[in-house]
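Shown next, in structure tokens, is the structure this report addresses.
Here, each number is a calculation from the coordinates, and none is a lab measurement. Everything quoted here is computed from the prediction, not taken from an experiment. In this analysis, Cβ positions are derived from the backbone assuming ideal geometry, glycine residues included, and neighbour counts consider all displayed protein chains.
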Amino acid sequence: NAGVTQTPKFQVLKTGQSMTLQCAQDMNHNSMYWYRQDPGMGLRLIYYSASEGTTDKGEVPNGYNVSRLNKREFSLRLESAAPSQTSVYFCASIPKEGANVLTFGAGSRLTVL
Amino acid sequence: QKEVEQNSGPLSVPEGAIASLNCTYSDRGSQSFFWYRQYSGKSPELIMSIYSNGDKEDGRFTAQLNKASQYVSLLIRDSQPSDSATYLCAVLLGGGYNKLIFGAGTRLAVHP
């Protein structure tokens, strides 16, 4: 039982390159989230998926796209990376509204040069 | 106005004292509230969840919720240097969309 698995853990990109951050959970959770964390900014919601087949914008969606491939997997894509997207990205999942188990992945540190 | 607001700190308390962390939120439909602790370079970890008005205690931690005032707090009794971390308040917004928003976090420093 691995919980929430994010890949890659570290990535360096050049401006304009594209990449996809992968997230998978094996807990049969309904809702999945992508956050970014910058110094002094807490966690800011990029996109989330309340259930399989649905995705919605969060606080800072510009420059990102997501795919809820199935119940287990929720990927985040940067089509044309910019230095402003240098950040630590966290994927998380939660079973249902009101449940007290929000499980985070280990984080992915992305640097855009 | 941000949906979830916290004082960024740092909040500095001596070992053994009570640390009080505060959070306000704007969505009156919110029903679920969480406190996470995050050590530098690590993922956030859940400390407390609270859903009803009043206090909820777990060991040295007490969460307090006042929905009328849209206010959530976390008290840490007998603070230890190991409690030094950033504390994140999270709110599950109303409307049934499972949108979970975090505050910017409060950095706590417990000094011996």
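Name the aspartates and glutamates eligible as straight-distance cross-link partners of A:LYS14: C-alpha to C-alpha under 20 Å, and not fewer than 8 places from it in the same chain. Cα-Cα hits under 20 Å: A:ASP38, A:GLU79. When the protein assembly as shown is described by a simple charge dipole with +1 on each Lys and Arg Cβ and -1 on each Asp and Glu Cβ, the residue from B:ILE101, B:SER30, B:SER12 located farthest towards its positive end is B:ILE101. Working note: Karplus 6.51/-1.76/1.60 with θ = phi - 60° gives the stretch B:36-48 the couplings 10, 10, 9, 7, 4, x, 10, 7, x, 10, 5, 9, 8 Hz, where Gly and Pro are set to x.
Taken about its Cα centre, chain A carries a charge dipole of about 200 debye when Lys and Arg each add +1 at the Cβ and Asp and Glu each add -1 at the Cβ.
Protection proxy ranking of B:42-55, A:9-22, by the mean of other Cβ atoms within 10 Å over each peptide's residues and highest first, is B:42-55, A:9-22. For chain B, a crude dipole built from +1 on the beta carbon of Lys and Arg and -1 on the beta carbon of Asp and Glu, taken about the Cα centre, is about 220 debye to the nearest 20. Couplings 3J(HN,Hα) for the stretch A:5-22, derived from phi with the Karplus relation 6.51 cos²θ - 1.76 cosθ + 1.60 (θ = phi - 60°), are 10, 10, 9, x, 7, 9, 7, 10, 10, 9, 3, x, 6, 10, 6, 10, 8, 9 Hz, where x marks Gly and Pro. Ranking B:LEU75, A:VAL12, A:TYR48 by how far each Cα lies toward the positive end of the dipole of the protein assembly as shown (charges on Cβ) leaves A:VAL12 at the top. For peptide A:26-36, the mean count of partner chain Cβ atoms within 10 Å of a residue's Cβ comes to 1.
Computed on chain B, with alpha-carbon pairs under 8 angstrom and 6+ residues apart, the relative contact order is 38 percent. For the stretch A:50-113, averaging the sequence separation of C-alpha pairs within contact (under 8 Å, six or more residues apart) and dividing by the residue count gives a relative contact order of 25 percent.
Dipole check for the stretch B:1-63: with +1 at the C-beta of Lys and Arg, -1 at the C-beta of Asp and Glu, and the Cα centre as origin, the magnitude is about 100 Debye. Which of the three applies to the stretch B:31-112, rounded, prolate or oblate, going by the alpha-carbon gyration tensor with a ≥ b ≥ c and a/c under 1.5 meaning rounded? Verdict is oblate for the stretch B:31-112.
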